[in-house]
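Colleague: I am attaching a structure below and will ask some questions about it afterwards.
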Number of protein chains: 2
Amino acid sequence: MTSIDLTAPEAATPKLGRKRDHTRDPEILAAALDVLAETGYDRMTIDMVAARAKAGKATLYRRWASKAELVIDAVACMKNADIDMANLPDTGTLRGDLVASIKSHSIEDGDRKIHVMAGLMSMISCDPGLADAVQSAIVEPRAAVNRTLLQRAIDRGEIPADCDVENLSLLVTSMAMYRTMVQRKTANREFLISVIDGLLLPAVGLRP
Amino acid sequence: MTSIDLTAPEAATPKLGRKRDHTRDPEILAAALDVLAETGYDRMTIDMVAARAKAGKATLYRRWASKAELVIDAVACMKNADIDMANLPDTGTLRGDLVASIKSHSIEDGDRKIHVMAGLMSMISCDPGLADAVQSAIVEPRAAVNRTLLQRAIDRGEIPADCDVENLSLLVTSMAMYRTMVQRKTANREFLISVIDGLLLPAVGLRP
DNA sequence: TATATCCGAAACTGCAACGTTTCGGATATA
DNA sequence: TATATCCGAAACGTTGCAGTTTCGGATATA
């Protein structure tokens, strides 16, 4: 199912000959994500991915049984590309933490994730496994960051303890997704800060 | 292009014989939207729509030149299915107006619109005309309602004049879209009110 | 009533992409 | 060095759907 399974040695494997080069797997998966983000799942073809990765189509089919498995693996392997829960910003204020978590790299990465999700939208309702992969690899990590930052602000008494942490932690991502998917505009730094200053902070009783 | 164009009389049309029955067009378009919302654009087939509408495939191709035109027409014709700008609620408070605008019918309609958008996600990045149709038929009408209700609240001095009306007017829809598309949960009345009371009203300085 | 056009059902064509397979050449292991 | 497996390229068969056409039957117009 996953690329990890493919690395497992089989019972009666002959030991002679060349071994498969798994160092190229990440390149192929990255190429798959690129094509997915640009064209969407249904219009994406294996040939596109192979061409992008400068690999033969046969090479891909040697490693993944189908287009669906390739995509699921690609999504699963994009987990935590930019998010480091163990090393969150700690500036002393909620606004400082939120703004510090918007590095230019994480903006690009977030944008990419949104486009990948858009490409998976039609497929996601059919395959529950894919929905789970998207949930744990794309959605949940980002929400966890915001949830932690909000909880810290509560703990230090900066914001009221009875505020709606769950909805608040999804606010910025929801607005970014809407802007990207529906309005077809980029969720750039300026926009993200306008959401923080215009919606999130006022909602917890802070004036930026 | 549109069903309206198809009703236009042609120059040298013979006057004899049976005329095309356009009273069934809305049924066919509604069937197209149903299939679109359920299966997505790429997996949707003309046969599905024909079967749903209990019509022949040839009948559909007599009226729309292609699958794309059928879908664009269907989206355009769902304009304002539930929204009546001339008859907005006016309860005297922002919360009253917002809650009053969430009738059970408009919840279902909003849910349907979100599923239609999800089905169009992959296609929407290819066809700019489709993006415009979605924008004016699905997205903008709902935002306009919220924008008006917020502006009224400003005019009567209920909320500060410098609040972020543009982002605020997209807040509920964004959260509903996120919940439906990503979390695969229904954006029911309880959820919508939790967004209003937990995010929107606090963000404009009101305590529900 | 006679006729022209409609209708739905179903068979058909064309095409695009999936997934498979084969090929010659390269390369790591024994 | 010998061999087994890798690699990328390219051809192939199959499938599924878009779009077309044909058919018998129904229906509104004259």
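The values are calculated or read from the model by the stated rules, or taken from the named source; none is laboratory data. Since this is a predicted model, take the numbers as computed values, not measurements. Positions of Cβ are generated from backbone atoms using ideal geometry, with glycine treated the same way; all protein chains shown enter the neighbour counts. Just the protein is used for accessible areas: all its heavy atoms, side chains included, with ligands, DNA and RNA removed. Shrake-Rupley method; radii C 1.70, N 1.55, O 1.52, S 1.80 Å.
Colleague: Search region A:42-74 for residues being polar (S, T, N, Q) and near DNA strand C (Cβ under 7 Å from one of its atoms), and hand back the single one that is nearest to residue A:20 (Cα to Cα). Let's see the steps before the verdict.
Modeller: So in region A:42-74, the residues polar (S, T, N, Q) come out as A:45, A:59, A:66.
Keeping just the survivors that are near DNA strand C (Cβ under 7 Å from one of its atoms) gives A:45, A:66.
On the way: A:45: 24, A:66: 19 Å.
Result: A:66.
Colleague: Taking region B:37-47 as the region of interest, how many residues are open to solvent by 30 Å² or more (accessible area, probe 1.4 Å) and within 14 Å of chain A (Cβ to nearest Cβ)?
Modeller: First, the residues of region B:37-47 that are open to solvent by 30 Å² or more (accessible area, probe 1.4 Å): B:38-39, B:42-43, B:45, B:47.
Add one more test, that the residue is within 14 Å of chain A (Cβ to nearest Cβ), and what stays is B:38-39, B:42-43, B:45.
Residues flagged as open to solvent by 30 Å² or more (accessible area, probe 1.4 Å) and within 14 Å of chain A (Cβ to nearest Cβ) within region B:37-47 amount to 5.
Colleague: Looking only at region B:174-196, how many residues end up being in contact (Cβ under 8 Å) with a residue 60 or more places away in the chain and either assigned to a helix (DSSP H, G or I) or within 7 Å of chain A (Cβ to nearest Cβ) (or both)?
Modeller: Just the residues of region B:174-196 that are in contact (Cβ under 8 Å) with a residue 60 or more places away in the chain, to begin with: B:176-177, B:180-181, B:186-189, B:192-193, B:196.
Imposing the further condition that a residue be either assigned to a helix (DSSP H, G or I) or within 7 Å of chain A (Cβ to nearest Cβ) (or both) reduces the set to B:176-177, B:180-181, B:189, B:192-193, B:196.
Residues flagged as in contact (Cβ under 8 Å) with a residue 60 or more places away in the chain and either assigned to a helix (DSSP H, G or I) or within 7 Å of chain A (Cβ to nearest Cβ) (or both) within region B:174-196 amount to 8.
Colleague: I've got another one for you. Step by step: first the residues of region A:147-171, then only those that are free of Cβ contacts under 8 Å to residues at least 40 places away in the same chain and β-branched (Val, Ile, Thr), then the one that is nearest to the other protein chains (Cβ to nearest Cβ). Which residue is that?
Modeller: Filtering first and then ranking leaves A:165.
Colleague: Determine which member of the set B:91, B:2, B:39, B:13 is more than 10 Å from DNA strand C (Cβ to nearest atom) and at pLDDT below 85.
Modeller: B:2
Colleague: Another question about this same structure. Go through (1) among the acidic types (Asp, Glu); (2) within 12 Å of chain B (Cβ to nearest Cβ); (3) surrounded by 15 or more Cβ atoms within 10 Å (Cβ to Cβ) for residue A:109 and report which single condition fails.
Modeller: (2)
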